[in-house]
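**Student:** One structure follows; several queries about it will come next.
The values are calculated or read from the model by the stated rules, or taken from the named source; none is laboratory data. Note that the coordinates shown come from a computational prediction; the quantities given were computed from them, not determined experimentally. Cβ sites come from the backbone with ideal geometry, for glycine too, and all protein chains shown count toward neighbours. All accessible areas refer to the heavy atoms of the entire protein, side chains included, with ligands and DNA or RNA removed. Shrake-Rupley method; radii C 1.70, N 1.55, O 1.52, S 1.80 Å.
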Amino acid sequence: MQYDFNVPLYDLAGNIITDPKGDDITIGKLISNALVNQSKGDALKFHSWAVDMYNCQTINLDRSDVKMLREFIETNETITVLGKAQIFDLLDKGKE
């Protein structure tokens, strides 16, 4: 299934979160930074996903990929609950 992670990240008030330069922070950029800063896991797959997400490309994920990504997000200590909830929502919508 194709997933598009080029979706803005929102704060609690519903505003798009931006970086210091004023650019929107996307779910893809949040995940890609977490993936490339990880020292464990499937390095080649994580790197490939990170490059595609960072460059706003859609990614084809099968069920096992979604499970792997979901487990990575759940156990990642650098992504906050705010980000995790929006990522899980995006992954769950892909199941519909």
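**Student:** Kindly establish whether Ser64 is among the small types (Gly, Ala, Ser), within 18 Å of Leu91 (Cβ to Cβ), open to solvent by 60 Å² or more (accessible area, probe 1.4 Å) and free of Cβ contacts under 8 Å to residues at least 40 places away in the same chain.
**Tutor:** yes
**Student:** Ok, one more. Go through the range 8-53 and give me each residue that's farther than 16 Å from Ile79 by Cα, part of a loop (DSSP other than H, G, I, E, B) and either open to solvent by less than 50 Å² (accessible area, probe 1.4 Å) or touching a Leu at 6+ places or on another chain (Cβ under 9 Å) (or both).
**Tutor:** Gly14, Gly22, Gly41
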